[in-house]
Amino acid sequence: MHADAGTDTDTAGTAETVREILTRSGDTWAVVGLSNNRSRAAYGVAAVLQRFGKRVVPVHPKAETVHGEQGYASLADIPFPVDVVDVFVKSELAGAVADEAVARGAKAVWFQLGVIDEEAYERTRAAGLDMVMDRCPAIEIGALGQL
């Protein structure tokens, strides 16, 4: 799982998994923790995802419309299929979000930089989903040379 264990790039998810999620897992991304707070990382990352051609669905208790997309209070409230669940919540809350993503049939889960839950990673992978942990899709998109 951690090919880079012991280095400063210790992250879960191989380069191939990152590429798979970004290019082949689907274009509807639920971004958990996304609100209209422009100072939060989720706001800027969601904008990058949109420029990359992804539909970004905000998931936040306020259910705000962000970047022109209707928001929902929870993953369960989204009335259409979601391909990837991008998680911008504290690590201690992230496992429950990953479990919800599995339950609703998402293809992949992406835990943002600093969001780490090894047990959730293992559960999600065991359920057959692709997963990346402790990485940022905006950085990875740039690394793919796609922007």
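The set of residues from region 83-126 being closer than 17 Å to VAL57 by Cβ and free of Cβ contacts under 8 Å to residues at least 12 places away in the same chain comprises just one member, ALA103. Restricted to region 129-142, and to residues there that are among the β-branched types (Val, Ile, Thr) and open to solvent by less than 10 Å² (accessible area, probe 1.4 Å), the residue that is nearest to SER91 (Cα to Cα) is VAL132. Return only the number of the condition from (1) open to solvent by 70 Å² or more (accessible area, probe 1.4 Å); (2) closer than 19 Å to ARG55 by Cα; (3) in contact with a strand residue (DSSP E or B) (Cβ under 9 Å, 6 or more places away or on another chain); (4) modelled with pLDDT under 95 that MET1 does not satisfy. All conditions are met except number (2).
The values are calculated or read from the model by the stated rules, or taken from the named source; none is laboratory data. These numbers come from a predicted model, not from an experiment. Glycine also receives a Cβ, built like all others from the backbone with ideal geometry; neighbour counts cover every protein chain displayed. Remember, those area values only see protein heavy atoms, side chains included, never the ligands or the DNA or RNA. Shrake-Rupley method; radii C 1.70, N 1.55, O 1.52, S 1.80 Å.
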